Amino acid sequence: MDGLTIKHCFVFNPTLKSPKKKPSDDEAQDAKLLFYYPSTEEQLVKRSNIGIVEGTLSFMNSFQQTNTSFLLTELNKFYFVANNYENDFIIVFILEKKSPMFSYYQNVESKKKWLKKLLDNFYNIFVFFHNSLAKFFLNPENPKISPVLTEEQIAIFEDFTVNFIDYFAKGQKLPFLENMVYFPLSEHVQSDILLAVQRLNEKIPEMTMSSIIYRGNIIHNQLPLSSFSLLYNIFYSVFEFTPKFNS
């Protein structure tokens with residue numbers, strides 16, 4: 001998106017404990033962190049950023065008694081944006097301002113709504129293609145102990161994050177799709193399409209749902225709107241109904 005760049009992305013769970021019996025303060029803080037991008041960032045900076053977000057959320061909930069899970073902190077050059085998912089997982093973006101993005105007429109609530117959509121989209125796309133954060137990260141036998149992630153897990157989440165940042169940087173437009181445009185078809189063409197889908201289902205029995213898009217318009221869809229919206233927004237422009245990736 002023009003005007004903003006994702007400089008840091010990290011996921012932490014404040015309930016996770018260190019496997020050590022008597023961990024130091026730094027070890028206790030490190031146990032909460034599940035993923036940090038870029039991974040080459042200094043450990044001191046990682047701890048500091050987690051502490052800023054965790055402390056601010058705790059202050060907001062205790063002082064204002066709002067029990068909010070969403071945080072937006074605006075600095076001169078950065079936005080700190082965080083939200084809680086699945087009760088205990090906090091996803092954080094540190095966004096650098098490149099140029100004026102919001103007009104002077106947009107209030108704080110408008111910014112919150114837009115930036116929360118960004119976090120929601122990151123979370124929903126990951127869950128759609130992989131799994132819930134709890135099932136992806138945690139050990140079901142010791143869900144409160146900080147897990148030792150495999151190289152494959154780290155690679156999957158890092159690859160997903162890098163691709164999302166690249167997707168975001170290419171000027172993707174918001175809001176994300178919340179409705180669909182259907183392409184009108186004659187009864188004859190519609191019946192031919194349904195017959196073709198039925199034949200395809202017979203050849204590929206494990207395919208439970210399908211969708212067909214023609215020039216950005218939906219001519220057949222069996223997927224739930226929430227799932228279909230994620231896919232549509234990845235591959236098509238919501239406003240022009242044109243493909244984002246010609247290849």
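The values are calculated or read from the model by the stated rules, or taken from the named source; none is laboratory data. In this text the structure is predicted, and so the values were computed from the model without any measurement. Positions of Cβ are generated from backbone atoms using ideal geometry, with glycine treated the same way; all protein chains shown enter the neighbour counts. The protein model used for the area step is the full one, side chains on, heavy atoms only, and it has no ligands, DNA or RNA in it. Shrake-Rupley method; radii C 1.70, N 1.55, O 1.52, S 1.80 Å.
At a glance:
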{"read-out": "Accessible surface of the chain [probe 1.4 Å, protein heavy atoms]: carbon and sulfur percent", "value": "54 percent"}
{"read-out": "Ranking by accessible area, most exposed first, for K97, K7 with a 1.4 Å probe", "value": "K7, K97"}
{"read-out": "Potential lengthening between N61 and V148 on full extension [0.36 nm per residue; Cα-Cα distance subtracted]", "value": "28.3 nm"}
{"read-out": "Ellipticity estimate at 222 nm from DSSP helix runs (n ≥ 4, -39,500 (n - 2.57)) divided over the chain, nearest 500", "value": "-12500 deg cm²/dmol"}
{"read-out": "Spin-label pair E240/E42, simplified geometry with 7 Å Cα→Cβ offset, distance in nm", "value": "4.4 nm"}
{"read-out": "Helix 187-203 vs. the chain, principal-axis angle (Cα, 0 to 90°, nearest 10)", "value": "60 degrees"}
{"read-out": "Exposure of I145 as accessible area (Å², to 10), given a probe of 1.4 Å and all protein chains", "value": "60 Å²"}
{"read-out": "Equivalent ellipsoid semi-axes, the chain, via Cα gyration tensor eigenvalues times 5, rooted, Å", "value": "38, 24, 16"}
{"read-out": "The chain, accessible area per residue, ligands and nucleic acids excluded (1.4 Å, Å²)", "value": "60 Å²"}
{"read-out": "Heavy atoms of D25 accessible to a 1.4 Å probe, total area in Å² rounded to 10", "value": "140 Å²"}
{"read-out": "Too-long pairs where the Cα-Cα distance tops 22 Å, listed order kept, from K7/K117; K7/K112; K7/K98; K77/K111; K17/K116; K21/K135", "value": "K17/K116; K21/K135"}
{"read-out": "Proximal charge balance of D88 [Cβ under 14 Å; K/R count +1, D/E count -1]", "value": "+2"}
{"read-out": "L194, L4, L149, reordered so the largest accessible area comes first (probe 1.4 Å)", "value": "L194, L149, L4"}
